[in-house]
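A short worksheet on the structure shown next.
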Amino acid sequence: MPLSAAHLSFGYPPAGLRPHEASPLAVSGVSIVVDHGALVGILGPNGSGKTTLLKLLAGILTPRAGTVMLDGRNVSTMPARERARRVAVVPQETHLAFDYTVLEIALMGRYPHLGPFEVEGPQDLAAAEAGLEATGTGRLASRMFQNLSGGERQRVIIAAALAQLDEDESSRVLFLDEPTASLDLKYQLEVAALLRRLHDRQHVTIVLSTHDLRFAASVCTEVILLSAGRVLAQGPPREVLTPAAIAELYEIDVSAAPLVST
Amino acid sequence: MRVHAGGWMRREWGLVRLAARTVHHGLLAAMVAMALAIGVLAAPPAVRPLRPQAPLHRIVSLIPAVTEMLFAMGAGDDVVGVSSFDHYPSAVEARTRVGGLIDPDFERIISLRPDLVVVYWTQTDLIARLDRAHLPIFKYRHAGLADVTATMRTLGTRIGHAREADREATRIERELDAVLASVAGRPRPRTALVFGREAGALRGIFVSGGVGFLHDMLEAAGGTNAFGDVRQESLQASTELLIARAPEVILELRPNEGWSAVRLRQEEAVWKGLSSLPAVRSGRVYILADDRLLVPGPRVAEAVRMMAGAIRGTGSFPTDPARGTGVGKY
Amino acid sequence: MTRAGLPSLPLRRGVPLVALCLVAMIVAIGAAPFIGSTPIRVARVFSRSTPFADNIDAQIFFIARLPRALAAALVGGTLAAAGVVFQGLLRNPLATPYTLGVSAGASLGAMVVMTFGAAWPVGGVASASLAGAGLAVLVVYWLARARHSGLSTTVLLLAGVTLNAFFSALILFVQYLSDFVQTYRALRWLMGDLDVASFAPILAALPLVLVAFIAFAWLARPLNLISLGADAAASRGVDVERAQRVAFFSASLATGAAVSVGGPIGFIGIIVPHLVRRLVGSDHRLVLPASTFFGAAFLIGCDAVARTILAPLELPVGIITALIGGPFFLWLLIRKR
């Protein structure tokens, strides 16, 4: 069942001394549809509202106007735990206040599945391990998170996100905010390969935001061009990523061959 | 490894505050150590024989005890400046206030154009400034009971009232001898002399150790200091220590705060919390609320007499109705 | 059921260590009344032949030392647990129970009563310090909310620091107005004093502490997730603002209760959580109980040192914790991060 957004608008509440002024909209009039099993990339320059749109789609922010529906249900009014079981968000960077082992972090993903004083059981352990295996970090289970490389950390957080999502629900969506922004090329390729693997083999619906053209072009099945909070185009990369579109998106002159080989 | 700037700065700030707190605690510890050290050092006050001088007429006194001495030896009219804590005799209310031990007002002192300033020997900053201003100084040191009369005589000589000072000192000595005679031959009960306690509770109890003015008064009044073996002027008595020393009499000294007799009884009843102490069981807990008790000045003999009466358990000793001294017997 | 090569639940493996800390606390409570500056004989303490009124050894054991050991356990355990919760709330392992101004409020309350004593109606210094702590909590919370709805930990921290500075200034002012003996007694109170002399102060603080610990138990898992980041926790279904509110109020009031019993004893709330995390990891479901038990045992030990090292004089227990705390932090700074 698709994830769809209709006429989304959002502006951050004004902070500081003038609370009565209306703030500029970070996202306005955005309507998109994400099919089950798609790997969608929201592409745009910094400040275009990518992260905001991602948070709106994930239900972390409540839109000022418009709705986000998952399986026909409004994402922002869903109970937090239920939403957490269907939608998982992987932030750009994870900074721990204290050091945990990789397995502990994967197990933390099971929070929405447990009651207030309930302790993790074998089912939760299995889900955590499955997530670690899927991201190729199973052998790191007893390592401390702070000692991992950037790429390994990112994959562990993805594993925790996978453990968080219900296994049987077809309407589970994995959101990633700038998954490669802080990684070296080698780790970028690792994460890209992982995402494709999750998409191809486990049919996880993935929505990610990025400003990296190359990454979006090579990994995503569908691309949404976002500029100043508005959608410029949506569709497969081959169709959407034309030199004219790129020029308009990044406000640059482009004279290059298409980046995508099919 | 990437470092998140915000988190790092927060940790830095946290560390700075931690360091400040460590220093703060360390300073407090140093102050305690200093206070203990000052109590422990037992150097006698330096008393140099002085040639009699011409009478001085503009005296500033930062010590309430000394102010009383000056008035007692007839030099009251020559006192132009007194401390913030002076209240006796009533004439001092009309004099200029110049601060106290911790906050002496140097400007006000010199504005009075004194020909003698009596200071605590520990007020080194003030002494240095007065020296630079070429003002004569008398350094006072709070010591034992016998030093009260010695100081009076020295001071009297210094300000040109030697004869009156000697007369007063002799009177005090005779009164003290009378008290000593009245307690001679009587049993000397083990006594805890308490001079500070949290109101309404048995915590933060400070007692006199075996050194100093309070201890001397207690011994003169016919009591044996239960903490006499501690070579310090004061110590905080823990519950364990009180139980171990098992005092037979508890004497609490307080300044006169205008408490009624009922209030004093209530405060004495707080000691029931330690009902196993011999003093509490036999009802020999006394709170004496009188300013004379805490000032090592010309009225010490009256103070000692008061204490002796309490120790003896007679409950009949002179009170000043105008000042409302309250005494209760538990 | 685990696959080959992957370990079992980390939580289960930490339980024996928590049990060890519990044993340490029980041993400490049991042993402390036998230690002290006055030598007592065990046989005399428990002998029935001498009436209690004449049995000084028994009096010392049951009236002076036993309540003191229990007070140390209460204060040590509470401060350690509150430290853990504050560190989780502020996402900073250097946070202490006093970072947000609770102890400044408690100290101000105590000092006002010590100086202007007669005016305070009931309960003396302990209740006044609790009232001061409550006032500080309300002011900090109000300040933190004033900027925007929602509870930003940065603003909370700033509000706490502001309050600390302001109340410290007021404390200095009150000290200025007090006479020499009052100032000295106030300074001694600030250094910590566990000589409760009866069970009453412990029983008075107990209800508040118990309520706080129930809240701590509920907070354990949300704090785990919040340490990944507030947004990350929210996306996993944690009601972050509610957890922060519960954490702030429960830990602050627990700290206020502890300070009202024994004064603002420093370093427990930061040394103990640090050591415990090195022992059991960072899962709050293990760190909270282990810190409570270990903090209790630790403070009982410090108090035992404080009251025997200069016998018959007693060193304030805060000096011992500070003497341990200073080098501890030096070591933390120097070792490889």
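The values are calculated or read from the model by the stated rules, or taken from the named source; none is laboratory data. The structure presented is a predicted model; accordingly, all values stated were derived computationally and were not measured. Note that we place each Cβ from the backbone using ideal geometry, even for glycine, and neighbour counts take in every protein chain shown.
Quick look at the values:
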| item | result |
| --- | --- |
| Residue within segment B:100-109 that is more than 24 Å from B:ILE172 (Cβ to Cβ) and either touching a residue at least 40 places away in the same chain (Cβ under 8 Å) or hydroxyl-bearing (Ser, Thr, Tyr) (or both) present | yes |
| Count - residues of segment C:210-232 that are surrounded by 22 or more Cβ atoms within 10 Å (Cβ to Cβ) and either aliphatic (A, V, I, L, M) or under 27 Å from C:THR308 (Cβ atoms) (or both) | 7 |
| Candidate set: segment C:209-229, residues that are in a helix (DSSP H, G or I) and without any contact (Cβ under 8 Å) to a residue 12 or more places away in the chain; chosen: the one nearest to C:SER260 (Cα to Cα) | C:LEU210 |
| Test: residue in segment A:96-103 that is away from chain C (no Cβ under 11 Å), farther than 17 Å from C:VAL240 by Cα and in contact with a strand residue (DSSP E or B) (Cβ under 8 Å, 6 or more places away or on another chain) | no |
| Condition broken by A:VAL87, with the remaining ones in (1) without any contact (Cβ under 8 Å) to a residue 12 or more places away in the chain; (2) facing chain C (nearest Cβ under 8 Å) satisfied | (1) |
| Matching residues in segment B:181-216 - criterion: being hydroxyl-bearing (Ser, Thr, Tyr) and within 13 Å of chain C (Cβ to nearest Cβ) | B:SER208 |
| Qualifying position, being closer than 29 Å to A:ALA80 by Cα, small (Gly, Ala, Ser) and in a helix (DSSP H, G or I), among A:ALA126, A:ALA193 | A:ALA126 |
| Odd one out for B:SER260 among (1) touching a Pro at 6+ places or on another chain (Cβ under 7 Å); (2) over 21 Å from C:PRO67 (Cβ atoms) | (1) |
| Matching entry among A:GLY66, A:GLY121, A:GLY72 (being over 21 Å from C:VAL287 (Cβ atoms), surrounded by 14 or more Cβ atoms within 10 Å (Cβ to Cβ) and more than 8 Å from chain C (Cβ to nearest Cβ)) | A:GLY66 |
| All positions within segment A:10-22 that are modelled with pLDDT of 70 or more, surrounded by 14 or more Cβ atoms within 10 Å (Cβ to Cβ) and assigned to a loop (DSSP other than H, G, I, E, B) | A:GLY11 |
| Residue identified as part of a helix (DSSP H, G or I), in contact with a helix residue (DSSP H, G or I) (Cβ under 8 Å, 6 or more places away or on another chain), among the β-branched types (Val, Ile, Thr) and free of Cβ contacts under 8 Å to residues at least 40 places away in the same chain among C:ILE60, C:ILE40, C:ILE26 | C:ILE60 |
| Within segment A:129-156, tally of residues that are of a type in the set (Ser, Thr, Tyr) and crowded, with 17+ Cβ neighbours inside 10 Å | 2 |
| Number of the condition not met by C:LEU70 [criteria: (1) at pLDDT below 95; (2) part of a helix (DSSP H, G or I); (3) surrounded by fewer than 24 Cβ atoms within 10 Å (Cβ to Cβ)] | (1) |
| Selection count, segment C:149-189, where residues are more than 10 Å from chain B (Cβ to nearest Cβ), surrounded by 15 or more Cβ atoms within 10 Å (Cβ to Cβ) and within 20 Å of B:PRO255 (Cβ to Cβ) | 2 |
| Enumeration of residues in segment A:56-82 that are in contact with a strand residue (DSSP E or B) (Cβ under 8 Å, 6 or more places away or on another chain) and in a helix (DSSP H, G or I) | A:LEU56, A:LEU57, A:ALA58, A:VAL75, A:SER76 |
| Qualifying residue in segment C:270-279 (condition: within 23 Å of C:VAL125 (Cβ to Cβ), aliphatic (A, V, I, L, M) and either in contact (Cβ under 8 Å) with a residue 12 or more places away in the chain or in a loop (DSSP other than H, G, I, E, B) (or both)) | no |
| Residue in segment B:280-291 that is nearest to the other protein chains (Cβ to nearest Cβ), counting only those that are touching a helix residue (DSSP H, G or I) at 6+ places or on another chain (Cβ under 7 Å) and closer than 18 Å to B:LEU218 by Cβ | B:ALA289 |
| Residues (of a type in the set (Asp, Glu) and within 11 Å of another protein chain (Cβ to nearest Cβ)) located in segment B:255-268 | B:GLU257, B:GLU267 |
| The lone exception for C:LEU279 - which of (1) crowded, with 18+ Cβ neighbours inside 10 Å; (2) within 14 Å of chain A (Cβ to nearest Cβ) it fails | (1) |
| Residue within segment C:284-296 that is at negative phi, among the polar types (S, T, N, Q) and within 14 Å of chain A (Cβ to nearest Cβ) present | yes |
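Yes/no per residue for (1) under 30 Å from B:ILE172 (Cβ atoms); (2) within 14 Å of chain C (Cβ to nearest Cβ):
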site	(1), (2)
B:LEU218	yes, no
B:GLY228	yes, yes
B:LEU235	yes, yes
B:LEU253	yes, yes
B:PRO278	no, yes
B:LEU293	yes, yes
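Rundown of residues vs (1) more than 16 Å from the chain's Cα centre (by Cα); (2) closer than 30 Å to A:LEU43 by Cβ, yes/no style:
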{"position": "A:MET108", "(1), (2)": "yes, no"}
{"position": "A:LEU114", "(1), (2)": "yes, no"}
{"position": "A:ARG139", "(1), (2)": "yes, no"}
{"position": "A:LEU148", "(1), (2)": "yes, yes"}
{"position": "A:GLN154", "(1), (2)": "no, yes"}
{"position": "A:LEU165", "(1), (2)": "no, yes"}
{"position": "A:LEU174", "(1), (2)": "no, yes"}
{"position": "A:PRO179", "(1), (2)": "no, yes"}
{"position": "A:ASP184", "(1), (2)": "yes, yes"}
